[in-house]
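Only the coordinates and a few stated rules stand behind these numbers; no lab work does. Nothing here was measured: the structure is a model prediction, and the numbers come from that model. Cβ placement follows ideal geometry from the backbone for every residue including glycine, while neighbour counts extend to all protein chains displayed.
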Amino acid sequence: MSTIETTGKTIEDAVRSGLVRLGRMKDEVDIEVLEEPKSGFFGFGSKPAKVRITEKEGVPVVPAMESQLEEAEKTAAPEAAEPAVRVEAESLPQEDTVLAVPETAEAAEEAFTAEEAAAKAKAFLQEVLKNMGIDVVIEKMIKSDKVLLHLHGKNLGILIGKHGQTLDALQYLTNLTTNQGETTRHFIMLDVENYRHRREETLKQLAIRLANRVKKSGDRVVLEPMNGYERKIIHVTLQNDPQVRTESEGQDPYRHVVIYSQE
């Protein structure tokens with residue numbers, strides 16, 4: 001029986017975020033409101049709603065989502081102009097693409113292929129989102145180092161959350177379920193209405209703008225906490241700038257990037 005605490009702009013948002021992380025329906029959990037949301041004064045002093053969600057006894061066990069994204073996000077780090085191996089938007093995937101070439105014919109028959117991983121991940125997502133009453137179309141894109149699943153539909157902002165936190169949680173849970181019991185592992189990356197690309201471009205612009213500030217003032221700049229995938233975007237964006245350097249500091253979930261002047 002798992003218990004988690006989640007936050008959101010409203011109590012409903014916090015509850016929905018928790019349901020995504022646990023992969024549960026509302027009638028399968030007990031909900032306790034810990035903090036009511038506060039709007040603050042002109043945006044200052046505002047606080048999100050906070051709830052505690054506990055799985056009810058007697059319901060099938062689903063692994064609870066924990067903040068353990070670092071290893072998976074490192075695998076998902078952005079690569080320069082990597083070509084897509086295959087792009088499909090069909091409802092039933094074809095099981096014919098193998099990313100890792102087995103050493104023997106017997107291993108080839110037993111290997112867990114990227115197509116099979118995509119099908120397993122899609123089935124899991126469709127079941128979870130169906131239980132939440134969310135209709136989506138899932139498009140898959142198989143690359144050399146990951147399987148991308150793009151989710152399309154109406155009002156999917158709830159699946160993103162603040163700075164993609166809900167999306168990261170759902171992505172982790174999908175990877176956990178997809179690779180469970182398999183000898184060959186595949187990294188599954190989720191995206192909602194091209195959010196990942198938009199977020200990446202935003203972070204690149206932010207990195208350049210803050211680096212320019214550091215160059216002018218000579219003072220370091222501390223960015224907000226980010227997951228490993230987003231921190232690497234900052235590092236890669238500024239790695240060739242001789243006037244600044246970047247370092248990741250702190251412990252998860254508060255690990256963040258600091259930009260220093262090299263002068």
Over the range 197-261, calculate the relative contact order: mean separation of alpha carbon pairs under 8 Å at least 6 apart, over the residue count, as a percent. 39
Taking a straight Cα-to-Cα line shorter than 29 Å from residue 122, and setting aside same-chain lysines fewer than 8 residues away, one finds 9, 26, 56, 74, 130, 140, 143, 146, 154, 162, 232
With a cut-off of at most 16 other beta carbons within 10 Å, and DSSP calling the residue loop, which trypsin sites (Lys or Arg not before Pro) in the range 162-249 qualify? Please list them. 185, 220
Quick one: if you stick a label point 7 Å off each Cα along the C-beta vector at residue 252 and residue 183, how many nm between them? 2.8
